[in-house]
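Undergrad: This structure is in structure tokens; I'll ask about it shortly.
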Amino acid sequence: MTEIIPAINSESFSDVVEKIQRVEGLTRWIHIDVADGTFTQNTLWHNPQELASWTEENSNHQSRPLIEVHLMIENPEDQIEKWIVAGAKRIIVHVETIKNTKTVEKIKSLCDVAGVFLMLAIAPHTPASAFDSYIGQNIVCFQILAVRPGLPGQLFEESPYDKIRYIRKKCPYCDIEVDGGVNKKTIKKCHDAGANLFVAASAIFNAPDIKKVLADLQENIRPTD
């Protein structure tokens, strides 16, 4: 399944909530960037307790999108349970922050028990081969970050295309997500390379008509006869 996922890159929870509300009913998933200033140079909103309270208060909202949380933090294994409790349905962890195989096993076990998807991510400077030891180990979701972690509005780097092709060849059935710099031009190239999940922040939330820009992006990855 191909999906376009709006991304929230904010410093306050009030802004996170406002953006979630802007895409309610328009998309199945929402992507929230989390950065506590350890893995990234900047700090973004990163309080799972706030999300947990909001999720509980809004549990009856049928149109609310599912939440995937992009943990751009060191020692993610120490925070996983908090984000699961907060209501995340997919958690993204960077391989650069993983100490060893036991770390992944711990994170995967916690996610499996809670019925939460685990996605592994790599930053632009990391080769796609960093995923090799995880492909086929019950991890079927992989993210390629096309910009430096943390900051919104960056230009798309060219390296993701080869990385997408590499992963798709290794894992024909996996979900491959591209995050950062996604727009009408880059989304088509990523789709043609083999990606099926596309995360965009500025291209969506800076647009005057979110519904229209989502439709325009979707049109660029629509199969042609």
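Undergrad: Give the aspartates and glutamates whose C-alpha is closer than 18 Å to that of Lys185, dropping any in the same chain fewer than 8 places away, or say none.
TA: Cα-Cα hits under 18 Å: Glu3, Glu157, Glu158, Asp162, Glu177, Asp216, Glu219.
Undergrad: In the chain, what cysteines have no partner Cβ closer than 4.7 Å?
TA: Cys111, Cys141, Cys190 - these cysteines have no disulfide-compatible partner (Cβ-Cβ under 4.7 Å) in the chain.
Undergrad: Shifting gears a bit: Evaluate the charge dipole of region 50-198 about its Cα centre and quote only its size in Debye, nearest 20, assuming +1 on the Cβ of each Lys and Arg and -1 on the Cβ of each Asp and Glu.
TA: Working: 18 positive and 19 negative charges, 123 e Å.
It works out to roughly 580 debye.
Undergrad: If you find the alpha carbon centre of region 9-47 and of region 77-112, how far apart are they in angstrom?
TA: Using only Cα atoms to place each centre, the spacing works out to 18 Å.
Undergrad: I would also like to ask the following. Can you tell me, using C-alpha contacts under 8 Å and at least 6 residues apart, the relative contact order of region 73-225 as a whole percent? Walk me through the intermediate numbers first.
TA: Details: 222 pairs, mean separation 24.8, N = 153.
It rounds to 16 percent for region 73-225.
Undergrad: Need the full-extension length gain, Ala207 to Asn60, defined as separation in residues times 0.36 nm minus the C-alpha distance. One decimal, nm.
TA: Details: separation 147, 0.36 × 147 = 52.92 nm, distance 2.86 nm.
Answer, rounded to one decimal: 50.1 nm.
Undergrad: Just want the ordering: Cys111, Cys141, Cys190, from fewest to most Cβ atoms lying within 10 Å of their own Cβ. Walk me through the numbers on the way to the answer.
TA: Values: Cys111 23, Cys141 19, Cys190 26.
By the 10 Å Cβ count, ascending, the order reads Cys141, Cys111, Cys190.
Undergrad: How would you classify region 45-135 from its alpha-carbon gyration tensor, with a ≥ b ≥ c the square roots of the eigenvalues: rounded for a/c under 1.5, else prolate if a/b is greater than b/c, otherwise oblate?
TA: Numbers: a/c = 2.07, a/b = 1.97, b/c = 1.05.
The shape class here is prolate.
Undergrad: Connecting C-alpha atoms closer than 10 Å in a GNM of the chain, tell me which of Asp162, Asp209, Asp36 has the biggest fluctuation.
TA: For the chain, modelled as a Gaussian network with Cα springs under 10 Å, the answer is Asp209.
Undergrad: Mind checking which aspartates and glutamates have their C-alpha under 12 Å from Lys169, skipping anything on the same chain fewer than 8 residues away?
TA: Once the sequence-local aspartates and glutamates are set aside, what remains near Lys169 is Asp132.
Undergrad: While we're here: Can you compute 3J(HN,Hα) from phi for each residue in region 52-61, using the Karplus curve 6.51 cos²θ - 1.76 cosθ + 1.60 with θ = phi - 60°, rounded to whole Hz and x for Gly and Pro?
TA: Values per residue, Gly and Pro as x: 4, 5, 5, 4, 5, 5, 10, 5, 8, 7 Hz.
Undergrad: Please list, in order along region 81-89, the HN-Hα scalar couplings obtained from phi with the Karplus expression 6.51 cos²θ - 1.76 cosθ + 1.60 (θ = phi - 60°), rounded to whole Hz, x for Gly and Pro.
TA: Result, ordered by residue: 4, 5, 6, 5, 4, 5, x, 5, 9 Hz.
Undergrad: Using DSSP, restrict attention to beta bridges with both residues in region 3-219 and report what percent are antiparallel, rounded to the nearest 5.
TA: Close to 5 percent.
Undergrad: Moving to a separate point now. For the chain, what is the mean residue ellipticity at 222 nm derived from helices alone (per DSSP H run of n ≥ 4: -39500 (n - 2.57); sum divided by total residues; nearest 500 deg cm²/dmol)? Please list the in-between numbers first.
TA: Details: 8 runs with 77 residues, N = 225.
Rounded to the nearest 500, it is -10000 deg cm²/dmol.
Undergrad: For Lys108, which lysines qualify as cross-link partners when the Cα separation must be under 17 Å and same-chain residues fewer than eight apart are set aside?
TA: Those lysines meeting the cut-off are Lys82, Lys89, Lys99.
Undergrad: Apply the a/c threshold of 1.5 to the C-alpha gyration tensor of region 29-69 and tell me whether it is rounded, prolate or oblate.
TA: oblate
Undergrad: Right, something else. If I build a Gaussian network model for the chain, linking alpha-carbon pairs within less than 10 angstrom, which residue out of Leu118, Leu51, Leu145 has the largest mean-square fluctuation?
TA: Of Leu118, Leu51, Leu145, the Gaussian network model singles out Leu51 as fluctuating most.
Undergrad: For region 3-219, what is the convex hull volume of its Cα atoms per residue in Å³? Could you put the intermediate results ahead of the total?
TA: Numbers: hull volume 24.4 nm³, N = 217.
Value for region 3-219: 113 Å³ per residue.
Undergrad: May I ask you to derive the FRET efficiency for Lys106 and Thr38 from their Cβ-Cβ distance with R0 = 25 Å, giving the value to the nearest 0.05? Show your work: numbers first, answer last.
TA: Values: r = 19 Å, r/R0 = 0.75.
FRET efficiency, Lys106 to Thr38: 0.85.
Readers should treat all values here as calculations from the given coordinates under stated rules, not as data from a laboratory. Computed from a predicted model, the values in this text were never measured in an experiment. Using ideal geometry, Cβ is built from the backbone for each residue, glycine included, and neighbour counts are taken over all protein chains shown.
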